[in-house]
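*Asks:* Quick one: structure below, then a few questions.
All of the numbers you see were taken from the coordinates with simple rules; none came from a lab. Keep in mind the model is a prediction, meaning the values are calculated, not measured. Every residue, glycine among them, receives a Cβ derived from its backbone with ideal geometry; neighbour counts consider all protein chains shown.
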Amino acid sequence: MSFVLAVTAIRGEAVARRPVAWVAAIVLLLEALGAVFVNGVLATVVDNQRMSLAGLDPGAMSTGTWALGAVLGLCLVLCAAVLVRTAVRDRAPGRVARCALIGCAVVHAVLGAVTVGLVGWPAFAFLMVVMGMLVLVVVAYGPGPRGRGSRAEGPAPA
């Protein structure tokens, strides 16, 4: 909590919220393009080499890989759109949008844990930076004090 206050409480203005939201949106858009590209390459390789896993049809595996890439890319683009809207309006996203951003952060955390062994530490560091930006946006645009008796104003009068 003190980190968020340090970031957002310089002269009572939001200092790092908007730039972090913009950068996170750009990174998610680039990541969406990368995910679709990688899944497209994998689908093409599976289709060209007629690879099969436990007797599955190579065409079905190729189609499934294309579908996974499209769904993953769409989810990342939607989260980027939420971040752009948040940065433009400089207001907290709604409940469903916050849940989408939290889900995206959790997916980045899990992929980061898997990536360490498969790809290496630089990929892990990239995923953790993206996760950190998503968490910072969710926390920095968190709910503010609400009316009388909130923690910001002290206890309610008796």
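*Asks:* Could you tell me which trypsin sites (Lys or Arg not before Pro) in region 52-105 are loop residues by DSSP with no more than 11 other beta carbons within 10 angstrom of their beta carbon? Intermediate values should be presented prior to the final figure.
*Replies:* Details: sites: ARG85, ARG89, ARG91, ARG95, ARG98; in loops: ARG91.
Of the trypsin sites (Lys or Arg not before Pro), the ones in loops of region 52-105 whose Cβ has at most 11 other Cβ atoms within 10 Å are ARG91.
*Asks:* Students often check this: by mean Cβ neighbours within 10 Å, which of 107-115, 76-84 ranks highest, and how do the rest follow? Walk me through the numbers before you get to the answer.
*Replies:* Working: 107-115: 16.2, 76-84: 20.2.
Peptide ranking by packing, descending: 76-84, 107-115.
*Asks:* Under a crude label model (7 Å from the Cα following the beta-carbon direction), how far is LEU118 from VAL139 in nanometres?
*Replies:* In this crude spin-label approximation the distance works out to 2.8 nm.
*Asks:* Taking θ = phi - 60°, what integer Hz values does the Karplus form 6.51 cos²θ - 1.76 cosθ + 1.60 yield along region 87-94, in sequence order, with x for Gly and Pro?
*Replies:* Per residue, the Karplus-derived 3J(HN,Hα) values read 5, 5, 7, 6, 9, 5, x, x Hz.
*Asks:* Apply 1/(1 + (r/R0)^6) to the Cβ-Cβ distance of VAL106 and ILE26, taking R0 = 25 Å, and write down the FRET efficiency to the nearest 0.05. Show your work: numbers first, answer last.
*Replies:* Numbers: r = 21 Å, r/R0 = 0.84.
Efficiency, rounded to the nearest 0.05: 0.75.
*Asks:* Output ³J(HN,Hα) for region 47-58: one whole-Hz value per residue in order, computed from phi by the Karplus curve 6.51 cos²θ - 1.76 cosθ + 1.60 with θ = phi - 60°, and x for Gly and Pro.
*Replies:* So the J values, rounded to whole Hz, are 5, 5, 8, 6, 6, 9, 10, 6, x, 6, 5, x.
*Asks:* So how much slack lies between ALA70 and LEU33, counting 0.36 nm per residue of separation and subtracting their Cα-Cα distance, in nm?
*Replies:* Working: separation 37, 0.36 × 37 = 13.32 nm, distance 0.97 nm.
Difference between extended and current length: 12.3 nm.
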